[in-house]
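Okay, so here's the structure we're looking at.
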There are 2 protein chains.
Amino acid sequence: MIIDIHGHYTTEPQKLLSFRDKQLAGLADAMRKPATNELGITDEELVASVQPQLKLQKERASDLTIFSPRAAGMAHHVGTEATGIEWTRMSNDLIHRICSLLPDNFAPVGQLPQHPGVPPKNCIPELERLAKLGFVGVNLNPDPAGGYWTDPPLTNKGWWYPLYEKLAELEMTAMIHVTSSCNPVFHYTGAHYINGDTTAFMQLIQGNLFKDFPTLRFVIPHGGGAVPFHWGRYRGLAIEMKKPPLTEHLLKNVFFDTCVYHQAGIDCMARVIPLDNILFASEMLGAVKAVDPESGHNFDDTKRYIDKLDISGADKAKIFEGNARRVYPRLDKRLKERKK
Amino acid sequence: MIIDIHGHYTTEPQKLLSFRDKQLAGLADAMRKPATNELGITDEELVASVQPQLKLQKERASDLTIFSPRAAGMAHHVGTEATGIEWTRMSNDLIHRICSLLPDNFAPVGQLPQHPGVPPKNCIPELERLAKLGFVGVNLNPDPAGGYWTDPPLTNKGWWYPLYEKLAELEMTAMIHVTSSCNPVFHYTGAHYINGDTTAFMQLIQGNLFKDFPTLRFVIPHGGGAVPFHWGRYRGLAIEMKKPPLTEHLLKNVFFDTCVYHQAGIDCMARVIPLDNILFASEMLGAVKAVDPESGHNFDDTKRYIDKLDISGADKAKIFEGNARRVYPRLDKRLKERKK
């Protein structure tokens, strides 16, 4: 089977977006607060809302998408910690319902109610709730300040370790994924996302996180940002910092997806990153919806690039399925329960 | 000839570094201010200080290095605008002296006295001084806040255009290069440099800068950050923003260097970036000094990667020389005056 590990719910019903407008307007004018967070979205509406994704799954021959709330919608820097908690629960609940309605097509990943300046351990109640609901992972934002980067690096013990302990205990895989940028210097999908990936990997090189959490699993999306392209730089910096080879230091715990939208990029990645560390993903309906006029295909139709890689069928099967089942143990369990 | 367009003076005499210590200590305690900014560094000391670079030029068969002050040393976020102006002039003067003493080996590029929150037009006096001294370009920092990114994007008219007008008038080429990071989330050479490159390119996609400045030339170092690896993403985003193809929109004015420290990265770059837009560079003695245990060669010995590219000799000559002479018109003039 073909598992796309990186899909966001970017076709939300208008009722959800209107709620968010009212919720945030309520911070300025309490009169505008939504009267209820019961949105009255029916199962039929939810199923209708994901028809674009189902159509693309069929057209592009993928089977299952790991599905999480819109990444830019998390917006941890917006509002208060309390509005963020409410928004997070509502967003996650919709993902849960969709994945329950269409369990052969979607597996749930949640957002966390992070907030700038607030310790990530405050996210533990929502993380535990998600685990009970059958979520297979979460998106973890290395910059809840939305492009101002005012919180500590991912290796900071006092700040992050309580959350990591719970992630490890629950076997929840974390995708390191920033949200929208409120800093005008950073375009969100064109700069902030890619910078977030690169920054996270370099923080992990500098630290020794996986000595403390040998079972923690991080996925760095968008092909790892700049990392495969600068693999020599990162190998060299690790040597200068007297770290073990990156295969030992990080690659038992850190994985990359294939959201790289052209053949030369995917080829570069497959040449330097061990194939066990590459997980198929397209980020559809996501960052880039355009058709490439040179190829006539959508930029984000990433399966085409993997198909063209000069590697064995067994290796392709790892990228399409095997690695995802290993890196997301809760997904593997969920699939096995469904005899897959 | 082989021109390395990206070298920093990372072997400065101790006298310069001691001056900087005292200069900054003087901000806290006026008693510690240096008595003079006449450092008494002799020509012999300057020539001795660049022997490591000359040795590597010989060993690696490059002829000329475009040479600028240490990038992390610019530290525009440190001290006051006044200390920055003094520090910039002193740093540039050493570059000028070295390039005058060894004109066959070095051509000068300067730093600018940028300061966070201060309009870049304040740099014009130093820019004019550098032009009179024969400098061929400058390093332009898109984030004088050193990792906090509090200044406007490169396309902001009110902020940046006065400086660009002067750059265009003087035919000074600008390398878009951040300095050190005072934000603990960003390792300087492993994250901040690469993010700075990626961010700058995306800002330029969003804007229409080169409609206003058709002769302005920007070099984005470190292979353009993440850009070639994500070339499909950038082409796709430009399409969605209704911009012209990137070849039209940016590539008459924006160029990339080859500071990418492994073969797969350079191969990726040469597949997607027009060869007219790639300039040879190694950033030596710079970011990564280690030897690659897999190849037995230094990571930053980038000429080896270019030599192995599957392109014609004429195309390699463009990367090694022709493009540099076109993108740095003042360098070309300087070389012709020396019958080169």
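What follows is calculated from the coordinates using simple rules that are stated; it is not laboratory data. Not measured: the values here are computed from a predicted model. Here the Cβ positions follow ideal geometry from the backbone for every residue, glycine too, while neighbour counts run over all protein chains shown.
Things worth noting here:
- Estimated distance in nm for a label pair at B:GLU171 and B:ALA28, the labels positioned 7 Å out from Cα along Cα-to-Cβ: 4.8
- Taken along its three principal axes, the alpha carbon spread of the range B:208-274 comes to 36, 25, 16 Å, from the longest extent down to the shortest.
- Principal semi-axes in Å for the protein assembly as shown [√(5λ), Cα gyration tensor, largest first]: 45, 27, 23
- The range A:1-52 - Debye-derived log10 I(q)/I(0), Cα point model, q = 0.24, 0.30, 0.32 Å⁻¹: -0.92, -1.11, -1.18
- Among B:THR83, A:THR215, a tally of other beta-carbon atoms within 10 Å of each Cβ gives an order, fewest to most, of A:THR215, B:THR83.
- Unit charges on C-beta of K, R, D, E only; dipole of the range B:226-280, Debye: 220
- Between B:ASP63 and B:LYS308, the FRET efficiency estimated from the beta carbon spacing at R0 = 25 angstrom works out to 0.80.
- Model label sites at A:ARG326 and A:THR150, defined 7 Å from Cα along the beta-carbon direction, differ in position by 4.2 nm.
- Prolate/oblate/rounded label for the range A:108-257 (Cα gyration tensor, a/c 1.5): oblate
- Inter-copy separations for B:PHE213, label at 7 Å along Cα-Cβ, nm, ascending: 4.3
- Remark: mean inter-chain Cβ contacts per residue of A:174-180 equal 0, using a 10 Å Cβ-Cβ cutoff to other protein chain atoms.
- When B:LEU133 is represented by a point 7 angstrom out along its Cα-to-C-beta vector, the spacings to that point in the other copies are 6.2 nm, nearest first.
- Largest mean-square fluctuation among A:PRO108, A:PRO119, A:PRO221, in a Gaussian network model of chain A whose springs join Cα atoms under 10 Å apart, belongs to A:PRO119.
- Taking the fewest neighbouring Cβ atoms within 10 Å as the starting point, the ordered list for B:GLU86, B:GLU294 is B:GLU294, B:GLU86.
- Shortest-first nm distances, A:ASP307 label point to equivalent points in other copies (7 Å, Cα→Cβ): 4.0
- Local electrostatic count, A:PHE106, Cβ distance below 12 Å [Lys/Arg +1, Asp/Glu -1]: -1
- At full extension, B:GLU248 and B:GLU45 could sit 68.4 nm farther apart than now, given 0.36 nm per residue minus the alpha carbon distance.
- Within a Gaussian network of chain A (alpha carbon springs, distance under 10 Å), most fluctuating of A:HIS77, A:HIS262, A:HIS192: A:HIS262
- Label-point gap, in nm, between B:LYS55 and A:VAL291 - each point 7 angstrom along Cα→Cβ: 5.9
- Straight-line cross-link partners of A:LYS336 among the lysines, defined as a Cα under 27 Å from its Cα and at least 8 positions apart when in the same chain: A:LYS55, A:LYS58, A:LYS132, A:LYS166, A:LYS252, A:LYS303, A:LYS316, A:LYS318.
- Cβ-based net charge around A:ASN298, under 10 Å, with every Lys or Arg adding one and every Asp or Glu removing one: -1
- Percent RCO, i.e. relative contact order, over chain A, from Cα pairs under 8 Å lying at least 6 residues apart: 17
- Span per principal axis, largest first, for the Cα atoms of the range B:1-160 (Å): 43, 42, 28
- Remark: mean inter-chain Cβ contacts per residue of B:235-243 equal 5, using a 10 Å Cβ-Cβ cutoff to other protein chain atoms.
- When the Gaussian network model of chain B links Cα atoms closer than 10 Å, the mean-square fluctuations of B:ASP300, B:ASP257, B:ASP151 top out at B:ASP151.
- Within 10 Å of each Cβ in B:285-297, the average number of Cβ atoms from other chains: 3
- If only the Cβ of Lys and Arg carry +1 and only the Cβ of Asp and Glu carry -1, the dipole of the range A:179-278 around its Cα centre is close to 240 debye.
- Seen from A:ALA25, the other residues with C-beta closer than 12 Å to its C-beta sum to a net charge of +2, counting Lys and Arg as +1 and Asp and Glu as -1.
- The charge dipole of the range B:262-340, taken about its Cα centre with unit charges on the Cβ of Lys, Arg, Asp and Glu (plus for the first two, minus for the last two), comes to roughly 720 debye.
- Of the residues B:LEU16, B:MET31, B:LEU46, the one whose Cα sits farthest towards the positive end of the charge dipole of the range B:10-51 is B:MET31 (charges of +1 on Lys and Arg Cβ, -1 on Asp and Glu Cβ, taken about the Cα centre).
- Fewest-first sequence of B:VAL272, B:VAL47 by Cβ atoms within 10 Å of each Cβ: B:VAL47, B:VAL272
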